[in-house]
Amino acid sequence: MRYTILDCYTDEPAGLGVPPYLGTYPRYLAGYLLQKGHQLEYINIDDLRLYKIYKGIKKEPSVKEKTNIRIYNTTGKDADEILNKTEILIIILGCHVPGKYLSALPGTLREITPLISELKCIKILTGPAVHGTQLEGGKFFEKIQEDVFDEIMEFNPTYEEIADYAIRGSQLAKQIPQLRIMEIETSRGCPREKGCSFCTEILKSPFIFRKTEDIIAEIKKLYSLGQRYFRLGKQSCFYSHPDPVNILKKISKSCPDIKVLHIDNVNPVNVVKDEKDGAPITKAIVKYCTSGNIAAFGAESFDPDVYEQNNLNSDAETTYNAVKILNRYGRENGENGMPMFLPGINILFGLKGETKTTHEHNMKWLNRILEEKLLIRRINVRQVSIFEGTALYEECGNKYIRKNKRYYWKWRNDIRQNIDNKMLKLLVPVGSILKDVYSEIYDGKTTFMRQVGTYPLIIGVKGRLPLNSFYNVKITGHMLRSIIGEII
Ligand code: SF4
């Protein structure tokens with residue numbers, strides 16, 4: 001059969017598949033289809049938009065315009081021809097923790113429905129959208145219009161199956177002409193028996209680990225195909241894998257020219273536990289990963305009531321201690337000019353029990369961190385998306401969002417003005433030099449660029465520089481969350 005994978009990109013609490021990331025869904029699915037002997041094409045939502053909405057014409061933005069990120073990541077393939085020959089179209093879609101994306105825009109169910117409804121092929125929907133999807137925080141998930149799809153398929157192979165699919169599917173990365181960071185899976189589900197009130201990870205799978213040798217085999221294969229950027233990002237907590245030190249050691253040994261090796265989510269509780277054992281995991285991350293690395297702490301709230309009522313993973317004191325530990329080992333600058341390994345903090349609005357004092361608790365702890373000159377690489381503030389099956393959905397839905405929405409702009413702005421901006425100045429003072437910064441989009445006469453890796457800082461540079469190129473940049477100023485620089 002002739003299959004086509006249509007990648008509309010994915011963003012989940014554990015796992016990112018929005019460019020410049022290439023997620024695990026398309027790679028595993030490709031491996032599965034190839035193993036079954038099917039013919040396979042890969043296109044993405046940008047290709048579909050280019051063909052359906054822009055009639056195949058990609059215009060250069062004028063000096064007053066912004067790069068059109070809706071069609072920035074096209075593969076260069078003829079989507080029209082591919083779709084006409086397709087017998088079965090598998091659509092990968094779903095955002096559970098939507099963010100702001102510099103150079104891509106994930107597809108939504110609402111967007112793709114009119115774009116694919118006329119196609120004659122069989123249409124199968126898969127990806128996180130099977131559990132609902134929402135591109136905007138603070139809202140309920142989008143419902144699937146079932147008559148558009150012939151099948152809604154949960155693609156959830158076992159780790160034994162993935163051992164094979166991941167290797168076969170790695171060739172998919174070759175079909176993408178632009179730079180991509182390979183999102184790599186280490187575990188599934190969440191080790192906590194009862195998860196956080198809002199989280200969909202525990203609904204998807206019990207907590208299971210991928211074998212170290214399978215992870216290494218996949219990375220080695222991707223590396224042999226020319227991939228050099230990796231993030232061990234598809235897991236709820238990197239420290240929870242039983243063998244994280246070995247994983248890092250082996251990657252570093254087998255892929256000597258790796259350019260980026262980063263991780264993502266970490267439960268602060270496990271950083272504190274690791275420290276009590278002599279910090280083997282934290283030390284290994286600093287030693288074997290590349291600089292600019294971040295452990296994203298899902299703190300969500302520093303309010304003790306919100307912590308209790310939502311069964312959050314880490315209380316304020318523990319998160320603070322974990323911030324201190326990572327600063328102790330990871331704050332020194334590495335090769336690319338950024339600290340080796342820092343914490344990032346996620347704050348979530350709209351959780352059960354949220355009151356006006358919640359923000360005061362958040363500011364109290366963030367201020368303490370700042371006053372003690374501890375570094376946080378980034379603070380992610382978002383409104384919770386509410387998914388069916390979660391405790392939040394069952395117990396209170398959007399009650400707290402409705403109640404407190406009027407404060408959110410003020411709260412967020414307080415964090416941006418009074419924490420983020422000051423933190424940025426500590427992190428990358430004027431005169432700092434950041435290396436290997438990749439130019440991605442234009443906005444008017446400014447080029448926006450960032451280093452390749454996990455949560456990189458966005459840097460605005462005056463003028464229109466050639467895109468998709470690497471530069472070294474000297475920092476000349478700070479915005480609220482981004483920085484200004486000049487090429488050196
Ligand atoms: S710790 Fe909470 S947010 Fe993280 S995966 Fe587990 S349930 Fe989800």
Practice prompt. Report the residue count in the range 347-384 for those that are of a type in the set (S, T, N, Q) and modelled with pLDDT under 95.
Written response: 2
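Yes or no, residue by residue, for (1) under 15 Å from TYR329 (Cβ atoms); (2) at pLDDT below 95; (3) assigned to a loop (DSSP other than H, G, I, E, B); (4) of a type in the set (Val, Ile, Thr):
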| site | (1), (2), (3), (4) |
| --- | --- |
| HIS262 | no, no, no, no |
| ASP274 | yes, no, no, no |
| THR282 | yes, no, no, yes |
| ALA295 | yes, no, no, no |
| GLU308 | no, no, no, no |
| ASN313 | no, yes, yes, no |
| GLU317 | no, no, no, no |
Worksheet item: List the pairs whose first member sits in the range 462-488 and is within 13 Å of LEU424 (Cβ to Cβ) and modelled with pLDDT under 95, whose second member is surrounded by 14 or more Cβ atoms within 10 Å (Cβ to Cβ) and among the acidic types (Asp, Glu), and whose Cβ atoms are under 6 Å apart, counting only residues at least 6 apart or on separate chains?
Response: LEU480/ASP420; ARG481/ASP420
Practice prompt. Return yes or no: is THR200 among the polar types (S, T, N, Q), at pLDDT below 95 and surrounded by 17 or more Cβ atoms within 10 Å (Cβ to Cβ)?
Written response: yes
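Listed residues GLY37, GLY99, GLY76, GLY94; which is farther than 26 Å from PHE448 by Cβ and either surrounded by fewer than 20 Cβ atoms within 10 Å (Cβ to Cβ) or over 27 Å from the mean Cα position of the chain (by Cα) (or both)? Reasoning before the result, please.
Numbers: GLY99 fails: farther than 26 Å from PHE448 by Cβ; GLY76 fails: farther than 26 Å from PHE448 by Cβ; GLY94 fails: either surrounded by fewer than 20 Cβ atoms within 10 Å (Cβ to Cβ) or over 27 Å from the mean Cα position of the chain (by Cα) (or both).
Checking each option against the conditions leaves just GLY37.
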Discussion item. Can you find, within the range 194-243, the residue that is nearest to VAL272 (Cα to Cα) among those that are away from the ligand (no atom under 16 Å from the Cβ) and touching a residue at least 60 places away in the same chain (Cβ under 8 Å)?
Written reply: ARG231
Practice prompt. Only residues that are of a type in the set (S, T, N, Q) and out of contact with any His (no Cβ under 9 Å at 6 or more places or on another chain): list them for the range 221-259, please.
Written response: SER224, GLN227, SER236, SER240, ASN246, SER252, SER254
Worksheet entry | Only one of ILE112, ILE88, ILE71 that is of a type outside the set (D, E, K, R) and more than 25 Å from the chain's Cα centre (by Cα) | ILE88
Worksheet item: Among all residue pairs at least 6 apart or on different chains, which show Cβ distances below 6 Å where the first residue, located in the range 24-46, is within 14 Å of ILE184 (Cα to Cα) and the second is aromatic (Phe, Trp, Tyr)?
Response: TYR28/TYR165
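The values are calculated or read from the model by the stated rules, or taken from the named source; none is laboratory data. Quick caveat, the model's predicted, so the values are computed rather than measured. Positions of Cβ are generated from backbone atoms using ideal geometry, with glycine treated the same way; all protein chains shown enter the neighbour counts.
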